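S.K.: So that we are looking at the same thing, I have put the structure below in structure tokens.
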Amino acid sequence: MKNWTLRQRILASFAVIIAIMLLMVVVSYSRLLQIETSQEAVRDDAVPGVYLSSMIRSAWVDSYLETIDIIGLREDKTFTDSDRAHYKAFEGRIEQQMAAYEKTVHDQADRMEFDNFKAAHTNYNKVLDQVLERFEAHDIPGASVLLEEQLTPIWVEGRMKLNDIILDNKNVADRATAAIDASVLSAKISMAVSLLIAIIAAASAGCC
């Protein structure tokens, strides 16, 4: 390069800088794609998944607490129209949120956990109907036995499945956030290194 003219040196410097800029564009674009993928996981899976599964758990708990109140705590052992409306509302909330959650299921592990909860939900409703039938027939001891021996274990199982679902969605959010942070850091490092190389290349071309 000692025999190069000033014009040749300037052109060489520009060529190196342009090559480095093109490399930066490619690297930055790949990082943006990774960020976009992680952002979609948070937007379409983790955030709605945590919200919907929490709403399902809320209705799940409300239904059980209502049953505890009717069978064991309430002095007036009658099943009222208000009670029926409450159970209908609880089930409506669960069904609505489950249908919405179904749209957020994207992997096999999440599908398995959700299917397990749906099975527990079906069993819970069957036993709950039996509990309430005995209660309406004024068979309080029989309703209490069903509540303690059958309904409660199913409810606990469903609650544990919901806890697992919420935790899985939180983990998805954590992984996606960590991936975004890593991509941003990598892009910053790439830009700094590329700038340093461009300065060195320009200085070398000018000094030689």
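S.K.: Quick one: in the range 122-140, which of the residues that are touching a Lys or Arg at 6+ places or on another chain (Cβ under 9 Å) and of a type outside the set (A, V, I, L, M) is modelled with the highest pLDDT?
M.R.: Out of the qualifying residues, it is Phe135.
S.K.: For the range 70-87, give me the residue count where each residue is touching a residue at least 12 places away in the same chain (Cβ under 8 Å) and either assigned to a helix (DSSP H, G or I) or of a type outside the set (A, V, I, L, M, F, W, C) (or both).
M.R.: Residues that pass the stated criteria total 7.
S.K.: Pick from the range 83-133 the residues that are closer than 24 Å to Glu149 by Cα and among the hydroxyl-bearing types (Ser, Thr, Tyr): which of them is surrounded by the most Cβ atoms within 10 Å (Cβ to Cβ)?
M.R.: Tyr124
S.K.: Sort out which residues of the range 153-167 are in contact (Cβ under 8 Å) with a residue 24 or more places away in the chain and surrounded by fewer than 21 Cβ atoms within 10 Å (Cβ to Cβ), and write them in order of number.
M.R.: Of everything in the range 153-167, those that are in contact (Cβ under 8 Å) with a residue 24 or more places away in the chain and surrounded by fewer than 21 Cβ atoms within 10 Å (Cβ to Cβ) turn out to be Ile154, Glu157, Arg159, Asn163, Asp164, Ile166.
Quick grid of which residues meet (1) among the hydrophobic types (A, V, I, L, M, F, W, C); (2) outside any loop (DSSP other than H, G, I, E, B); (3) farther than 15 Å from Arg159 by Cβ:
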residue: Gly49; (1), (2), (3): no, yes, yes
residue: Met55; (1), (2), (3): yes, yes, no
residue: Ala89; (1), (2), (3): yes, yes, yes
residue: Glu95; (1), (2), (3): no, yes, yes
residue: Tyr101; (1), (2), (3): no, yes, yes
residue: Leu132; (1), (2), (3): yes, yes, yes
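S.K.: Next up: Being closer than 30 Å to Ala41 by Cα, touching a residue at least 24 places away in the same chain (Cβ under 8 Å) and of a type in the set (Asp, Glu) narrows it down to one residue among Glu136, Glu113; which is it?
M.R.: Values: Glu136 fails: closer than 30 Å to Ala41 by Cα.
The match here is Glu113.
The values are calculated or read from the model by the stated rules, or taken from the named source; none is laboratory data. The structure displayed is predicted, hence computed values, not measured ones. Here Cβ is always computed from backbone atoms with ideal geometry, including for glycine, and neighbour counts include all displayed protein chains.
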